[in-house]
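Colleague: Structure in structure tokens, see below.
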Amino acid sequence: MPARPTWRGQIRLALVSIPVEIYPATKAGKSIAFHQVHEPSGQRVKYEKVVPGIGPVDRDDILKGYEVEKGEYVLLDPEEIEKVKLESRKTLELTQFVDLKDIDPIYYDKPYFVVPADDLAEEAFIVVREALKKTGKVGVGQLAMRGQEYVVSLKACGRGMVLETLRYADEVNKASSYFRDIGDAKPDADLLDMAESLIEKKSSDFDAAEFKNRYIDALKGLIEEKIKKKGKRVIQDRSSDEPPKGSNVVDLMAALKKSLGSDAPARKATETSKAKKAPAKKAPPKKAAAPAKKRA
């Protein structure tokens with residue numbers, strides 16, 4: 001466990017307060033660091049903070065400034081910003097509980113592990129954790145850390161709990177503005193059936209360890225190749241950067257059949273087609289009407 005938690009405070013549920021610590025649940029993935037280099041000289045490009053008419057300045061002389069008018073700023077030093085009065089800096093109050101499915105995944109941002117701060121807090125921590133498990137609910141509240149106040153969710157996770165920062169509503173673009181030009185046409189029944197079969201065929205339990213960062217591996221290969229060629233230009237992918245054009249229904253049907261590797265869906269499609277073409281059965285001949293009886 002890291003020596004320093006990202007946040008230390010208390011979870012408040014009505015009159016119950018539980019001292020907790022939170023730690024990042026994720027870490028930076030593999031990456032390759034590049035520097036900007038001046039090609040003619042081969043020297044690394046560096047950046048300096050400068051003031052017009054003065055030149056380079058010391059970092060200690062730099063404050064955050066909010067522009068109130070053109071060229072006029074209100075200056076704030078780090079301590080003033082840090083001491084802004086906000087209860088959520090030390091307390092996460094769970095103000096509501098919702099079903100997990102009620103939070104659209106697009107709102108989730110970053111996860112953190114939540115653990116009790118000490119042995120005395122453990123009993124209350126376990127009670128809240130188990131209550132969340134049994135009710136299937138997620139706690140929602142607000143928490144301030146690192147100069148921001150976040151909407152957060154809290155849910156049970158194994159022996160502990162996971163807190164996830166959520167995006168505010170104004171940080172999420174409206175999907176309708178992107179999806180409105182997509183038509184309302186119903187998909188072809190046979191194509192839909194084959195797509196469903198392909199999904200079922202490839203369904204399995206998710207295992208993150210099965211996925212590797214192939215781009216990083218490819219970059220490493222490019223760098224090794226470049227070293228062998230003593231810095232000469234290397235172009236590995238000569239394919240066009242243009243996106244592939246959409247295929248028609250016939251191509252989609254063929255691609256789905258090939259992906260499935262089975263003729264079962266094809267047989268089903270054929271049977272459906274035959275059923276449509278089958279002639280209708282003739283109706284039985286109508287019985288002749290009985291002659292009317294003569295009146296006496």
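No lab work stands behind these numbers, since they all come straight from the coordinates. Since this is a predicted model, take the numbers as computed values, not measurements. With ideal geometry, Cβ positions are generated from the backbone for all residues, glycine too; neighbour counts draw on all protein chains shown.
Colleague: Distance in nm between label sites at Ile54 and Ser176, each 7 Å beyond Cα in the beta-carbon direction?
Modeller: With each label point 7 Å from Cα toward Cβ, the separation is 5.0 nm.
Colleague: Taking the simple approach of a point 7 Å from Cα along Cα-to-Cβ for both Leu120 and Glu69, what is their distance in nm?
Modeller: Modelled inter-label distance: 5.4 nm.
Colleague: For Val128, what is the net charge nearby, where nearby means another residue's Cβ is under 12 Å from its Cβ and Lys, Arg count +1, Asp, Glu -1? Before the final figure, lay out each step's value.
Modeller: Details: positive: Arg12, Arg129, Lys133, Lys134, Lys137, Lys155; negative: Glu122, Glu123, Glu130.
That sum, taken over residues with Cβ under 12 Å, equals +3.
Colleague: Another question, then. I'd like the distance separating the alpha-carbon centroids of region 181-224 and region 34-63, in whole Å.
Modeller: 44
Colleague: If you keep only loop residues by DSSP, which chymotrypsin sites (Phe, Trp or Tyr not before Pro) in region 137-202 have at most 12 other Cβ atoms within 10 Å of their Cβ?
Modeller: Numbers: sites: Tyr150, Tyr168, Tyr178, Phe179; in loops: Tyr168.
Here the chymotrypsin sites (Phe, Trp or Tyr not before Pro) that fit, given the DSSP loop and packing criteria, are Tyr168.
Colleague: Then there is this: Modelling each spin label as a point 7 Å along the Cα-to-Cβ direction, I'd like the Arg214/Glu79 distance in nm, to one decimal.
Modeller: 5.5
Colleague: Hey, another quick one. Where the centre of each part is set by its Cα atoms, how far does region 79-101 sit from region 148-164, in angstrom?
Modeller: Spelled out, the Cα-based centre of one part sits 12 Å from the other.
Colleague: Sticking with this one: Could you tell me which of the pairs Lys101/Lys134; Lys30/Lys202; Lys101/Lys202; Lys110/Lys174; Lys110/Lys133; Lys202/Lys257 are separated by over 19 angstrom between their Cα atoms in the structure shown?
Modeller: Values: Lys101/Lys134 15 Å; Lys30/Lys202 28 Å; Lys101/Lys202 24 Å; Lys110/Lys174 21 Å; Lys110/Lys133 21 Å; Lys202/Lys257 14 Å.
Result: Lys30/Lys202; Lys101/Lys202; Lys110/Lys174; Lys110/Lys133 exceed 19 Å.
Colleague: Could you tell me which GluC sites (Glu not before Pro) in region 29-116 are loop residues by DSSP with no more than 10 other beta carbons within 10 angstrom of their beta carbon? Walk me through the intermediate numbers first.
Modeller: Values: sites: Glu48, Glu67, Glu69, Glu72, Glu79, Glu80, Glu82, Glu87, Glu93; in loops: Glu48.
When the GluC sites (Glu not before Pro) of region 29-116 are filtered for loop state and at most 10 Cβ neighbours within 10 Å, Glu48 remain.
Colleague: A further question on this structure: Using a Förster radius of 30 Å, what is the FRET efficiency between Glu225 and Arg44 based on their Cβ-Cβ separation? Nearest 0.05, please. Numbers along the way, then the final one.
Modeller: Details: r = 23 Å, r/R0 = 0.76.
With R0 = 30 Å, the Cβ-Cβ based efficiency is 0.85.
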